[in-house]
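Quick note: the coordinates plus some simple rules give every number you see, no bench work behind them. The shown structure was predicted, so the numbers you read here are calculated from the model rather than taken from an experiment. Here the Cβ is made from the backbone with ideal geometry for all residues, glycine too, and neighbour counts use every protein chain on show.
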Number of protein chains: 2
Amino acid sequence: MTRAVVLLSGGLDSATAAAMAQREGWELFALTMKYGQVHQAELRAARAVAAALGVSRHIELAVDLSAFGGSSLTGEGDIPKDELGAPGIPSTYVPARNTVFLSLALAWAEVLGAERIVIGVNALDYSGYPDCRPEFIAAFEYLASLATKVGVEGRPLRVYAPLQHLTKAGIIRLGAELGVDYSLTHSCYDPAPDDRPCGHCDSCLLRARGFSDAGVPDPALK
Amino acid sequence: MTRAVVLLSGGLDSATAAAMAQREGWELFALTMKYGQVHQAELRAARAVAAALGVSRHIELAVDLSAFGGSSLTGEGDIPKDELGAPGIPSTYVPARNTVFLSLALAWAEVLGAERIVIGVNALDYSGYPDCRPEFIAAFEYLASLATKVGVEGRPLRVYAPLQHLTKAGIIRLGAELGVDYSLTHSCYDPAPDDRPCGHCDSCLLRARGFSDAGVPDPALK
């Protein structure tokens, strides 16, 4: 059975990508990064999504990117509100985050003998982060082939990023067909102490627009 | 002044690469990874080397690669002794370690506006790890250009790996010319409780052969 390491954030994109990987018949190993994000709501969501998927194992790995600073998502400055679509890369960008996360997924994949790394990046309805673009994913896959023992031995290790060319609405429609329970997922960058989403950060705005365009209500909003 | 993030392990290679970067006139920021290695001797050595270099800042970042297992260097099985040159990739290989370390250096480099990442890999007198080869380093540099805000903005971020084509003896001769104090460095994978090297692991054997070939005594051996 093909093994796959899934980067699971607790958000709706990674939950959908994981469900797609499961539909492929792969055995799932979920990796959630505790990277110094200022709230814990997404970790709780990741646990719920992993449990719902029935993954073979779930590792929560700490790597404190706040040591480097440079992002509002790890505590430097305020999370921007109602600025979706503003020019430039927003302050929520965490420097090299996806490179770091994919590298760690690669490390575990190599130990597991996994042939796939699953990541829910998408480059249409996204915040403009450089490390969500298809050319970045392709470059990482090439790097992985050189970086590892399995690569050297000629076995494949592919990065499965099935959402790359989907809109947020398309992702939600697809996930709904696959039975993804979006009530378990969390997207907000700046939730209230009871995990309630702010409704104004980029991630809330993208999520709201996605559900609206998909024509379905967001089950996470009570 | 050009800023450079230096991956500093406490070993002689990274100390030499750092000294070469300093000779280039760059301002050094040292990054040492606490990745779950079974002993702390190399962390103590890294602190001593960073202090001797007078780096602008030294971050010790924890990322517990032992969570994934798969390496004798993070506690799975015994460190091989007197097996240097045995065929295959040795058990001391830590899956995807250099990919993970370079990714984290990239994250910090981006925040600092650093234009260089310095890594002391070498592909001649080495243990046969896939992520020490020049083609791996080149692929990472390409990835970095796509992964980051600075890459997108067209500013350069280069990986400086000046030891790639040097023998261990050549590295030691060069470092000695630059005034590297090798008594501060630690190479052993399996030291005694008082940090004394075992003399039999791959890393001890490579070091001993390097000093011998360079015709100088190893100042770390009392």
Using R₀ = 60 Å, calculate the FRET efficiency as 1/(1 + (r/R₀)^6) where r is the Cβ-Cβ separation of B:S212 and A:R44; round to 0.05. 0.60
Give a quick list of GluC sites (Glu not before Pro) in segment B:121-203 that DSSP marks as loop, anything other than H, G, I, E or B, with at most 13 other Cβ atoms within 10 Å. B:E153
Order by neighbour count: A:M20, B:M1, A:M33, fewest other Cβ atoms within 10 Å first, most last. B:M1, A:M20, A:M33
I'd like the FRET efficiency for A:D194 and B:A86, computed as 1/(1 + (r/R0)^6) with the beta carbon distance as r and R0 of 60 Å, rounded to 0.05. 0.55
Between A:R3 and B:E60, what is the FRET efficiency for a Förster distance of 35 Å, r being their Cβ-Cβ separation, to the nearest 0.05? 0.60
Got a sec? How would A:R47, B:R116 order by Cβ neighbour count within 10 Å, fewest to most? A:R47, B:R116
Give the total of Lys-Lys pairs in chain A with Cα-Cα distances below 26 Å; include a pair only if its members are 8 or more places apart or on different chains. 5
